[in-house]
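A short write-up of the structure that comes next.
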Amino acid sequence: MKEVTKEKIWTYLEGFMQGLINKYDPQVIKDEVLEKALFDPEKGNYKPFHMALIPKELLRIQSFFRSFSTSLGQGVFEYIAKIIAEDSGKWEVVKRNSAFEATASLNVESFVDRFLEDVVTGRVKPYPVDIPKPQDSSTKKIVVDLYLYDGKTHYFIEIKSPKPNKDQTRRTKEKFLYLLATYPSSKTYYGMPYNPFGEEKSRYRWSFTSMYFDIQNEVLIGSEFWDFIGGYGTYNELLELFKEFGEEKGKEITGRLIRAHSGG
C-alpha cells in the first residue's frame, strides 16, 4: 500500500476508536448504567453472581470489545476497502454502498426463487448458475457494499461477516443472481475480511456460506480478499498497520476505560 493510503486508514481508525472510547468512557456511562444494560432482568439477562464477582473494569472492557467487534463489521471494513481500492491503481471505478438498477423480470424472479429453494434441498449446486435472460423491462434497485470496475469487468462485492446466518447468505445470493441476470459479464463475490478458522482458505468451514456459495469461486476471504482489492501484499500490510495502531493506542484505550477506578 502507498504511504498516503496507510495515513488515510490510520486517521480513520483514530476517529473510529475515539468515538467508541467516548461511548464507554466512565464519565459518559456510569457503572450502574452499564451493569443495567448487561444484566437487565427485563431481558432475561439478570446474573447476580456474575455481577458480584466480575470487576467493573472488566465489564466495561468486555462491553467495549463487543461494540468494537460489531462496529468493525458494520462499515469499517467497507470504508477501508474503498480507500485501498481507490489508491491501488487497479480500478477505473470504485463505489461504496451504491445502488444499481437490476432486472425485476417475472421470469427471473421465478427462476431465482426456485433456484434458492433447490440449493437448500440439494437438488442443485450453488455454482455455476445458468440464469435466464429477462423477458420484460421491469427493474429494481440493488445496493452493493463495494463496486469495482477495471475497464473490462464489473465486480459486485458484498463485505460480510465470515460467520453469517442463513438469511444473510440467502439474501446475498439472491442479490447476486439479479445482478448477474442484469450484467451477464460481471463477477460477484462474497467478501470476508478475515478467516476465523485460520489463514488458509481451505480451513474455512461455515455451513450457511457453503450452502449458498461455492467457496472457491464465489468467496474471497482474508488475504485473498484484501489482495484482490489492493494488490499482492495488501493483507499483510493492513494487518501490520492494525498492529502498529494497537500498540501505539492500546494503553490510551485501556486507560480511558478504567480511569474512574484508578483515581484518574
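The values are calculated or read from the model by the stated rules, or taken from the named source; none is laboratory data. Since this is a predicted model, take the numbers as computed values, not measurements. Virtual Cβ from ideal backbone geometry, glycine too; neighbours counted across all protein chains shown. These area figures cover heavy atoms from the full protein model, side chains too; ligands, DNA and RNA do not enter into them. Shrake-Rupley method; radii C 1.70, N 1.55, O 1.52, S 1.80 Å.
List of remarks:
- Förster radius 45 Å - calculated FRET efficiency between LYS30 and LYS166, Cβ distance, rounded to 0.05: 0.70
- Rolling a 1.4 Å probe over the protein heavy atoms of the chain, with every protein chain left in place, gives an accessible area that is 51 percent carbon and sulfur.
- For LYS187, distant residues with modelled amide H under 5 Å away: HIS154, TYR155, PHE156
- All Cα pairs of the chain, percent lying beyond 33 Å: 35
- Residues whose amide H lies under 5 Å from that of THR139, counting only those 5 or more places away or on a different chain, are ALA104; hydrogens are built 1.01 Å from N in the peptide plane.
- Under 5 Å, built H, 5+ apart or other chain: amide partners of VAL124: VAL119
- Value of D in µm² per second that Stokes-Einstein yields for the stretch 98-234, Kirkwood Rh from Cα pairs, at 37 °C (0.692 mPa s): 212
- Antiparallel DSSP beta bridges within the chain, as percent of all bridges there, nearest 5: 65
- Helical contribution to [θ] at 222 nm, DSSP H n ≥ 4, -39,500 (n - 2.57), averaged over the chain, rounded to 500: -17500 deg cm²/dmol
- Amide N of the stretch 119-155 lying under 18 Å from the label point, which is placed 7 angstrom from the Cα of SER210 along Cα→Cβ: 119-128
- Close lysine pairs were tallied over the stretch 165-247: pairs 8 or more places apart or on different chains with Cα atoms under 21 Å apart number 6.
- Gyration tensor (alpha-carbon) shape descriptor, the stretch 1-152, a/c threshold 1.5: oblate
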